[in-house]
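A short write-up of the structure that comes next.
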Amino acid sequence: MSFPIARPRRLRRTERLRAMVRETRLAPEQLVYPLFVAPGAGRRSEIASLPGCFHLSVDQVAREAEEIERLGIGGVILFGLPSAKDPLGSEGYADDGVVQQAVRAIRAACRDLLVITDVCLCEYTSHGHCGVVEGGEVKNDPTLELLARMAVSHAKAGAHVVAPSDMMDGRVGAIRRALDQSGFADIAILSYAAKYASAFYGPFREAADSAPQFGDRRGYQMDPANVREALKEVRLDVEEGADVVMVKPALPYLDVIRAVRERFDLPVAAYNVSGEYAMVKAAAARGWVDEERLTKEILTSIRRAGADVILTYHAKDFARWTR
Ligand code: PBG
């Protein structure tokens, strides 16, 4: 069938028609909003590099979580800024660490908001790397035990899901075993399976104060040029027991999201990272783009590529726009 019989424009005439045949839908419950927990009390300060997002002290975080739950957003992912850093990142797995306290506060305040915790050492280590540093190198195997301890401490505090973002080899298996041995067989692992060494993390590193003090992360995060390697990373994480696999960043890696979606039957998450968000906010502040339309188009494209879940700083704005 071709023109003049075929007229695709017939189905674009009204919003009702367009909505009826729309192929991709996105609801706030599919989104996860990142929160940055900071030490101290009474703190709610806007993060310069992430306009509209805040550093929150433990006493403020529950109120924010209640608002997020009211907006219908699926969950939060927590990042912590410790009061002190050391080479082994010990506040990251302390039972009274900021994230552990924040998890307890949110679980007490919210009925069923999903609480996910980021499991990684970089916010807690004095050198800013995601693992144990020995002789100027990030050591893989000694890091696994610390990550496992962190995951268990998060589970103890009440996290529903733990999300390792460090990119050490074997960490999903190590975390799965530790959780199971500690009585947390029901706690799910969302693994940052294909996490690239990306310049799009810039604003986050300012927000989380987690920039490496020497070198960079290319010795453990992936080369942006690779897609077959992403499939290998995902396969390994699935074999080690991941429940959800994530691709990160999202927008520059839509092809990777699609490739993972087609080859694996687990839920796929995508992290629409800080740099992606900051670009939209910066352009919108100058009046160069329509922020609402741009954001919806971006999030829809990530869904269309195959992501079931999107971690995004736009979650609150999106939820407000779609009410
Ligand atoms: C920690 C971590 C990072 C992000 C999430 N977890 C930073 C990094 O790897 O340097 C980035 C999130 C973002 O940019 O929004 N390893």
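The values are calculated or read from the model by the stated rules, or taken from the named source; none is laboratory data. What you are looking at is a predicted structure, and each value in this text was computed from that prediction instead of being measured. Cβ placement follows ideal geometry from the backbone for every residue including glycine, while neighbour counts extend to all protein chains displayed. When the accessible area is computed, the model is the full protein with side chains, heavy atoms only, and any ligands, DNA or RNA have been set aside. Shrake-Rupley method; radii C 1.70, N 1.55, O 1.52, S 1.80 Å.
Filter the range 216-275 down to residues that are assigned to a strand (DSSP E or B) and either modelled with pLDDT under 95 or open to solvent by 10 Å² or more (accessible area, probe 1.4 Å) (or both), then give me how many there are.
2
Quick check, is Glu66 under 20 Å from the mean Cα position of the chain (by Cα), at pLDDT 95 or above and part of a helix (DSSP H, G or I)?
yes
Among what's in the range 152-180 and is more than 30 Å from Arg111 (Cβ to Cβ) and not in a loop (DSSP other than H, G, I, E, B), pick the residue that is most open to solvent (accessible area, probe 1.4 Å).
Arg177
Of all residues in the range 62-105, which are surrounded by fewer than 18 Cβ atoms within 10 Å (Cβ to Cβ), closer than 30 Å to Glu134 by Cα and acidic (Asp, Glu)?
Selection gives Asp86, Asp95, Asp96.
So Arg111 ticks every box in (1) more than 22 Å from Pro164 (Cα to Cα); (2) modelled with pLDDT of 95 or more; (3) of a type outside the set (S, T, N, Q) but one. Which box is left unticked?
(2)
What number of residues within the range 192-201 satisfy the criterion of being open to solvent by 40 Å² or more (accessible area, probe 1.4 Å) and within 8 Å of the ligand (Cβ to nearest atom)?
Total satisfying the criteria: 1.
Taking the conditions exactly as written (assigned to a loop (DSSP other than H, G, I, E, B) and touching a Gly at 6+ places or on another chain (Cβ under 6 Å)), does Cys130 satisfy them or not?
Judged against the criteria, Cys130 is not a match.
Any idea which of (1) within 13 Å of the ligand (Cβ to nearest atom); (2) hydrophobic (A, V, I, L, M, F, W, C); (3) open to solvent by 20 Å² or more (accessible area, probe 1.4 Å); (4) at pLDDT below 95 is the one Ala207 doesn't satisfy?
Of (1) within 13 Å of the ligand (Cβ to nearest atom); (2) hydrophobic (A, V, I, L, M, F, W, C); (3) open to solvent by 20 Å² or more (accessible area, probe 1.4 Å); (4) at pLDDT below 95, only one is false for Ala207: (3).
Answer with yes or no whether Arg111 is open to solvent by 60 Å² or more (accessible area, probe 1.4 Å), outside any loop (DSSP other than H, G, I, E, B), more than 18 Å from Ala208 (Cβ to Cβ) and of a type outside the set (A, V, I, L, M).
In short, no.
Just for the range 210-226: of the residues that are among the hydrophobic types (A, V, I, L, M, F, W, C) and within 13 Å of the ligand (Cβ to nearest atom), which one is farthest from Glu134 (Cα to Cα)?
Met222
Evaluate the range 41-61: report whether one residue or more is open to solvent by less than 50 Å² (accessible area, probe 1.4 Å), in contact with a Cys (Cβ under 9 Å, 6 or more places away or on another chain), more than 16 Å from the ligand (Cβ to nearest atom) and in a helix (DSSP H, G or I).
no
Looking at (1) open to solvent by 30 Å² or more (accessible area, probe 1.4 Å); (2) under 20 Å from Ala102 (Cβ atoms); (3) of a type in the set (Gly, Ala, Ser), which one does Gly136 not meet, given that it meets all the others?
The failed condition is (2).
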